Every structure is written in structure tokens, then in C-alpha cells.
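Heads up: the structure comes next, in C-alpha cells.
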Amino acid sequence: MNIRRLILDVGKGINRPTLLELSEAISSVKGVEGVNIIVTDMDIETMGVNITVEGNNMNYDQILKEIDEIGAVVHSVDEIAVGSKLIENIRRDE
């Protein structure tokens, strides 16, 4: 399966890993072409981040393994896009 985009809800310690360390670990996975990390919440000890990973034929298990090994935790997979092209979500008025 050609995984092209993952959007992950991740928790990490406030100081470690740093956002740079986390992005470097994810970008080291074969097929990853870009990583975007946005801080969503913070308290005294932890930080919540949304991570968008894009590429071509990315290894899902390896991405999760890298996140775990560096000391962060994946809370949920909020989006996954597969196939030969990326399709952007279109908001529908309800």
C-alpha cells in the first residue's frame, strides 16, 4: 500500500524529545519527504502535538517505531492517505 500522508496526534515530554529530535527521527524513515509538527497543548510536564508526515511508500510501522523509540507516544492516527495521488478533504456544509 502506498502511504502518502499520515496525521498523528502525539504526546511527548515537555523537554525531551525536542521537536527537532522528533522531526529528525521521523524524517529518517525511508519514503518520508516532509514532516510538519504543530504544538496543540502544553502543561507542566507534557506537550501534545499534531504531526503531518508526507511522502511516497512510507513505512507506517517504522514511523510509529521511531516515534516510540525517541520517547513520544502516538495517541491516534487522525488521517491516512494512500494511493497514487493525494486528495484534499473538502468541507461540506451540514
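No value in this document is a laboratory result; all are computed from the given coordinates. These numbers were taken from a predicted model, which means no experiment stands behind them. Neighbour counts are summed over all protein chains in view; Cβ atoms, including those assigned to glycine, are modelled from backbone coordinates with ideal geometry.
Quick notes on this structure:
- Residue count for region 8-53 satisfying the condition of being of a type in the set (Ser, Thr, Tyr) and crowded, with 17+ Cβ neighbours inside 10 Å: 1.
- Residue check, GLU88 in contact with a strand residue (DSSP E or B) (Cβ under 7 Å, 6 or more places away or on another chain), without any contact (Cβ under 8 Å) to a residue 60 or more places away in the chain and more than 13 Å from LEU22 (Cα to Cα): no
- The strands (runs of 3 or more DSSP E) located wholly in region 1-78 that include 2 or more residues which are free of Cβ contacts under 8 Å to residues at least 60 places away in the same chain and closer than 22 Å to ASN89 by Cβ occupy 32-42, 46-55.
- For region 74-94, filtering for residues that are closer than 19 Å to ILE63 by Cα and exposed (fewer than 10 other Cβ atoms within 10 Å of the Cβ) leaves 1.
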